[in-house]
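Reading through the structure tokens given below for one structure.
The values are calculated or read from the model by the stated rules, or taken from the named source; none is laboratory data. Keep in mind that this is a model prediction, so the values were computed, not measured. Every residue, glycine as well, gets a Cβ built from its backbone with ideal geometry; the counts of neighbours run over all protein chains shown. For accessibility, only protein heavy atoms count, side chains too; no ligands or nucleic acids. Shrake-Rupley method; radii C 1.70, N 1.55, O 1.52, S 1.80 Å.
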Amino acid sequence: MGKNISAVMAHVAVILAVLLVIGILGSIASAQAGGGSEKFTGEIERGATIRVLENDTAIKQGYLSELITAFNKKYEEYGVKAIDANMDQYTDLENDGPYGYGPDVLYQANDRIMRYPEHKHILPLPAEEFDCYDKVSEKGWQAYTQKVGGDEYIFGVPVNVQGPLLYYRKDLLPENWQTEWDDDKNGIPDIVEYWTDMYRYSKQVKLSGNGKKFGYMRSFLEPYFSVGYLYSYGGYSFGDGNTNPADIGHSAGNAEYGGRVIRQLASVMDERCIDDSVTTGAYSALASGEFFATITTPDVYTMFVDEMKAKGYSDEFIAENLVTTYIPKLPVSGDLEDESQGFIECNMMGGVQGYAISSYTTCPNASLAFVKFATSYDMIKRRNELLGIVPARSDVADNLGGLSEIINNNLERGNITVMPSIKESAQLWTPLQTLFQDLAKDAFRKSAEVKYETLESIKEALKKVDKQIYDGIFTLQ
């Protein structure tokens with residue numbers, strides 16, 4: 001198949017991803033001028049109860065319980081107690097906080113947390129007081145930096161560098177992959193290096209599996225995992241580095257190629273790719289061998305492990321055969337059936353998850369103590385052990401073995417785009433989700449009902465999405 005591109009590093013359990021570089025914080029240092037909220041006096045509120053909002057995975061895998069237990073033991077002399085906020089992981093602080101229903105401390109992705117600063121729903125933090133201050137990259141802090149009233153402030157503490165990874169079952173590769181699926185002879189299956197090969201192999205699996213076996217499967221319900229196909233061919237969400245909401249460009253460049261990729265990938269799946277059943281069932285399906293591969297984030301690695309253990313697989317088998325690696329490369333042509341022009345990196349969306357403190361908390365100093373404890377070396381290391389996260393702390397990442405160099409290479413290659421850290425990003429998801437689902441549904445429509453047979457039709461649909469997002473930001477509010 002004439003692949004002339006040098007091979008990417010193989011089978012490294014590391015995110016495609018983002019922002020984790022050792023270094024001085026450079027220009028972000030100006031953000032510490034915010035100095036944190038005046039509410040942070042240093043006097044911990046005795047007897048305080050801190051309601052902590054965490055994500056579902058951290059709760060299910062027992063991390064939040066460990067974190068709370070360790071914190072409560074350390075601060076028992078103050079009578080301070082942290083508890084699970086017992087709220088939906090996507091709770092809306094803007095609506096809940098003013099009425100006393102929100103958490104004191106929240107852990108969410110940068111796009112969600114950074115919709116709150118403008119109307120003062122979260123507190124600016126004294127970032128320089130954290131022991132991770134010089135351990136997190138400049139771009140990590142930038143994800144939580146915003147200008148308010150003419151000054152820049154930091155509103156969150158980065159914990160987890162997030163972005164899609166390809167998960168696959170090594171034992172489900174075709175037996176002849178070394179002779180028939182490794183054209184560049186680099187010892188890595190072309191199936192997991194190039195979308196053209198993943199597409200071709202998935203077609204074979206679907207045909208021979210009689211609707212019970214699939215190659216690649218992923219729902220198009222979540223734009224986070226699909227918008228990167230547009231980015232890869234010149235599209236973007238907001239201009240000026242995702243800071244200008246007046247410039248919306250999902251239809252820019254040859255972004256329609258990315259739309260065609262979505263449509264083609266859907267054709268090797270079944271109609272579950274249109275709803276959420278693939279996402280919720282992916283752990284079990286990969287464990288049972290129903291799926292060969294899927295894409296998701298690194299912090300759910302243990303969910304796959306648990307499912308495989310439940311099906312009787314040994315730790316040794318899982319370590320050998322459950323593989324995480326880079327997202328495959330895309331064809332320059334934008335056609336998964338044409339690799340004659342070579343390949344480009346797949347530029348996926350990423351994010352930075354971290355902690356923030358509600359402006360409505362009655363115990364800001366105790367909450368600050370909790371966030372400092374939760375972002376300490378030991379707790380981030382433990383979070384990695386239980387959840388498989390990619391730490392934003394470079395000292396933890398370095399000790400995991402070679403991660404900094406690999407992630408730095410990803411960053412230098414420019415194959416990750418961090419979610420916008422502006423409140424207008426909330427308007428992105430519904431229009432994109434609707435279009436991606438519609439593109440995927442095309443694969444299952446009768447020929448007379450197909451809507452996106454040409455690149456021009458996809459381009460026009462993307463332009464409509466851009467207008468819908470613009471109207472949602474500037475016209476309809």
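Over the range 271-378, what percent of the accessible surface lies on carbon and sulfur atoms, probe 1.4 Å?
Numbers: 1650 of 3430 Å².
Heavy-atom surface of the range 271-378 belonging to carbon and sulfur, 1.4 Å probe: 48 percent.
Hey, if we sort D442, D315, D171 by accessible area with the 1.4 Å probe, largest down, what's the order?
D315, D171, D442
At a Förster radius of 35 Å, what calculated FRET efficiency corresponds to the Cβ-Cβ distance of S65 and E271, to the nearest 0.05?
After rounding, the FRET efficiency stands at 0.35.
Put a dot 7 Å past each Cα toward the Cβ at E43 and D84; how far apart are the dots in nm?
3.5 nm
Need one number for the range 70-175: average projected area of the convex hull over its C-alpha atoms, nm².
11.2 nm²
Express the accessible area of the range 298-378 per residue in Å², computed with a 1.4 Å probe while the remaining protein chains stay in the model.
On a per-residue basis, 32 Å².
Which of K423/K467; K203/K309; K135/K381; K329/K381; K203/K329; K139/K423 have a Cα-Cα distance over 20 Å?
Details: K423/K467 18 Å; K203/K309 29 Å; K135/K381 13 Å; K329/K381 31 Å; K203/K329 18 Å; K139/K423 18 Å.
Distance filter (> 20 Å) returns K203/K309; K329/K381.
What number comes out for accessible area per residue over the range 40-171 if the probe is 1.4 Å? Units Å², please.
Here the per-residue accessible area is 43 Å².
Do you know the relative contact order of the range 296-449, to the nearest whole percent, from alpha carbon pairs under 8 angstrom that are 6+ apart?
So the answer I get is 24 percent.
What spacing in nm lies between the two simple spin-label points modelled at D171 and N210, each 7 Å away from Cα in the Cβ direction?
2.3 nm
Can you give me the relative contact order of the range 90-216 as a percent, contacts being Cα pairs under 8 Å and 6 or more apart?
Rounded, it is 13 percent for the range 90-216.
With a 1.4 Å probe and all protein chains kept in place, how much accessible area does R200 have, in Å² rounded to the nearest 10?
In the full protein context, R200 sits at about 90 Å².
Pulled fully out, how much extra length does the chain show between F373 and F317, if you take 0.36 nm times their separation in residues and subtract their Cα-Cα distance?
Details: separation 56, 0.36 × 56 = 20.16 nm, distance 3.57 nm.
This chain segment gains 16.6 nm when fully extended.
Would you tell me the accessible area of E76, worked out with a 1.4 angstrom probe on the heavy atoms of the protein chains, in Å² to the nearest 10?
130 Å²
In terms of Cα to Cα distance under 22 Å, which lysines are near enough to K311, apart from those fewer than 8 places away along the same chain?
Counting by Cα, and skipping residues close in sequence, K311 has these lysines nearby: K60, K170, K212, K213.
Given an 8 Å cut-off on Cα distances and at least 6 residues of separation, report the relative contact order of the chain as a percent.
Dividing the mean separation by the residue count of the chain yields 28 percent.
Using mean Cβ contacts within 10 Å as the protection proxy, how do 41-50, 154-163 order, highest first?
154-163, 41-50
Report the FRET efficiency, 1/(1 + (r/R0)^6), for D240 and D184, where r is their Cβ-Cβ distance and R0 is 35 Å, rounded to 0.05.
Efficiency, rounded to the nearest 0.05: 0.40.
Compute the Kirkwood hydrodynamic radius of the chain, taking the inverse of the mean of 1/r over all pairs of distinct Cα atoms, and give it in Å to one decimal.
In the chain this quantity evaluates to 23.3 Å.
So if I take the centroid of the Cα atoms in the range 300-339 and the same for the range 129-145, what is the distance between those two points in Å?
Each part's Cα centre sits 31 Å from the other's.
Probe radius 1.4 Å, ligands and nucleic acids ignored: give me the carbon and sulfur share of the accessible area of the range 421-477 as a rounded percent. Present the calculation step by step, with values, prior to reporting the outcome.
Working: 1580 of 3180 Å².
The computed percentage sits at 50.
State, to one decimal in nm, how far the label point of D338 lies from the label point of Y101, with both points 7 Å from Cα in the Cβ direction.
5.3 nm
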